[in-house]
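Everything on this sheet refers to the single structure shown next.
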Amino acid sequence: MNVADSAAIGEHLRSRGGVATDLAQQADLVIVNTCSVRGQAEHKALSYLGRLALIKVKQPAMKVVFAGCMAERVKESIKKRFPFINLVVGARDIEYFPQLLDKFLGDMLDDRSVLSAATPQLTSFINIMRGCENHCSYCIVPTVRGPEKSRAVDDILADIRRMAAAGTKEVTLLGQNVNSYTSAGRGKTIIDFSDLLQMVNGIDGIDRIRFMTNHPKDFNDKLIETMSSCAKVCDHIHLPLQSGSDTILAAMNRKYTAGDYLTLANKLKHAIPRLAITTDIMVGFPGETDADFAATLRIIEHTDFDFLYAFKYSPRPGTPAAAGEDSVIRSKKEERLAILLEQADSIAARKNAKLIGTHQEVLVEEVTANGIAGGRTRANKKIFFAGESNLRGTLVSITVTGSKAYSLEGSFTSCV
Ligand code: 5AD
Ligand code: SF4
């Protein structure tokens, strides 16, 4: 979501004549877009601000904007610690960021020559909703991003049509929990997420649709049917599990059991046999015993995951879980995380190896000067093969000839 927000603000600045640089030393304006989902993300932002402080001494005219979830959380205190910050834009105001920035910058950009728009993005993100009301007991998102708000369906469709006209082939619909999307349609109809997917599926020029993230408690049969019947919806679902222990899931306020999750995963696989399922798992949630962790390992064994992202529990200020003790000691968290990371690697390697010899539809995203083409399969696996630059942006069929844990190799078979 932050990548999408940053891209949108970058595009806005570019449209006003801004020129992007990778070096803060060259910048007139630096926007630090922050995450606060775990403590480590906040530490990174703080240490980056520390580095900016040194640059600011040499370049006092440089302007610094501090934005996003952490900005929302610490907006009262951050300027005391880093007085050189010129503007703070919290996550709840992020949709008004362009207007806030225009007001702040005044005519700073207007005397620059306007450059042409960025190269068309083959793959684009679009926010379909903001905020979250699920209140998982560990999570800071409902506090920093506020209550759930779905965007109007017509606005989303208009944005995607515009993206398609500008060259986008693959669109990823974003929300903290897209499964609870709801918007008023024409007349008195209510558009839910499945309806939205069907509408996006009908947009000319868009070849592929992805979406994230999902909540197992809201993933219904209608959505499974929609996924299997809409040809452009890709064969990948990110379905955060968090834990395989019913006790921990209840303490997390996730509102499903490990059994519910397994049933859903099996249903999905049955309806869409090529589907890749990826997940998020947290270790060291307060009270997590060895038996709870063993239950998590068991469900991983029984669910045919393609990849898992593993995190150490990080107490977030103001969340219900942080009110109690962070009871699992650090070494235990690290031990469990190491086991999961190893699992993630071996699952990824095993799943990729199984694809050798199969044909995969690939959207070609890049072709290097020496003729190496790269893209992703419908199941979101990175794949590389020998190809000409005119293949960029096209759908091709690739035969998988080799595999590593995090990418595939293949040879061009035909255009799709
Ligand atoms: N500590 C550790 N991981 C967290 N996540 C969310 N909140 C926390 C936290 N307090 C993880 C969850 C979520 C992913 C985006 O980040 O696994 O699915
Ligand atoms: Fe956080 Fe839960 Fe909402 Fe996801 S669903 S953003 S984990 S509160």
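So the values come out like this:
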quantity	calculated
Under the Debye formula (equal points on every Cα, no solvent term), log10 I(q)/I(0) of the range 2-115 at q = 0.12, 0.18, 0.20 Å⁻¹	-0.40, -0.95, -1.18
Estimated inter-spin distance, Gln40 and Asp260, nm [label 7 Å along Cα→Cβ]	2.9 nm
Cysteines (scope the chain) whose Cβ has no counterpart Cys Cβ under 4.7 Å	Cys35, Cys69, Cys132, Cys230, Cys234, Cys415
C-alpha center-to-center spacing [the range 263-309, the range 37-108] in angstrom	37 Å
Translational diffusion of the range 163-227, µm² s⁻¹ [Kirkwood Rh, Cα pairs; Stokes-Einstein; 4 °C; 1.567 mPa s]	102 µm²/s
DSSP-assigned coil residues among GluC sites (Glu not before Pro) in the range 1-89, each with at most 15 further Cβ atoms within 10 Å	Glu76
Residues in the range 203-236 reached by a label modelled at Leu157 [backbone nitrogen below 11 Å; 7 Å Cα→Cβ]	203
Over 26 Å (Cα to Cα) - which of Lys149/Lys217; Lys56/Lys103; Lys169/Lys312; Lys44/Lys232; Lys332/Lys404; Lys169/Lys381 fall in this group	Lys169/Lys312; Lys44/Lys232; Lys332/Lys404
Karplus 3J(HN,Hα) series, Hz, for the range 346-362 with 6.51 cos²θ - 1.76 cosθ + 1.60 (x for Gly, Pro)	6, 4, 4, 5, 5, 5, 5, 4, 5, 7, 4, x, 8, 9, 10, 7, 10
Cβ-Cβ FRET estimate between Glu342 and Asn86, R0 fixed at 41 Å, reported to 0.05	0.35
Volume in Å³ per residue [convex hull over Cα atoms, computed for the chain]	165 Å³
Virtual spin-label span in nm between Leu54 and Asn253, 7 Å along Cα→Cβ	4.2 nm
Per-residue Cβ neighbour rank within 10 angstrom, fewest leading, Arg38, Arg350	Arg350, Arg38
Ranked Arg376, Arg186, Arg208, criterion: other C-beta atoms within 10 Å, fewest first	Arg186, Arg208, Arg376
Amide H within-cut-off set for Phe285, under 5 Å, with H built and near neighbours excluded	Tyr313
Cβ-Cβ FRET estimate between Thr21 and Asp93, R0 fixed at 25 Å, reported to 0.05	0.50
Taking the chain and dividing mean pair separation by its residue count, relative contact order in percent (alpha carbons under 8 Å, at least six apart)	10 percent
At R0 = 35 Å, FRET efficiency that the Cβ-Cβ distance of Ala405 and Lys79 yields, to 0.05	0.20
Residue-averaged [θ]222 nm for the chain, counting only DSSP H segments that reach four residues, each worth -39500 (n - 2.57)	-10500 deg cm²/dmol
The range 29-51 residues near the modelled Asn380 label - backbone nitrogen below 11 Å, point 7 Å along Cα→Cβ	none
Neighbour-limited loop hits for GluC sites (Glu not before Pro), the range 309-385 (at most 11 other Cβ within 10 Å; DSSP other than H, G, I, E, B)	Glu325
Approximate spin-label separation Cys415-Lys269, in nm, with each point projected 7 Å along Cα-to-Cβ	3.8 nm
Rounded to whole Hz, the Karplus (6.51, -1.76, 1.60) HN-Hα couplings of the range 314-331, x for glycine and proline	10, x, 10, x, x, 7, x, 5, 6, 5, x, 7, 7, 7, 7, 5, 4, 5
In sequence order, calculated HN-Hα J values of the range 291-300 (Karplus, 6.51, -1.76, 1.60; Hz; x Gly/Pro)	5, 4, 5, 4, 5, 5, 4, 5, 5, 5
Equivalent ellipsoid dimensions for the range 182-287 as semi-axes, Å, which come from the Cα gyration tensor, largest first	29, 16, 12
Span from the the range 212-241 Cα centroid across to the the range 356-400 one, whole angstrom	24 Å
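Where a number appears in this text, it was derived from the coordinates with a stated rule and is not lab data. Quick caveat: nothing in here was measured; it's all calculated off a predicted structure. We place every Cβ from the backbone using ideal geometry, glycine too, and count neighbours over all the protein chains shown.
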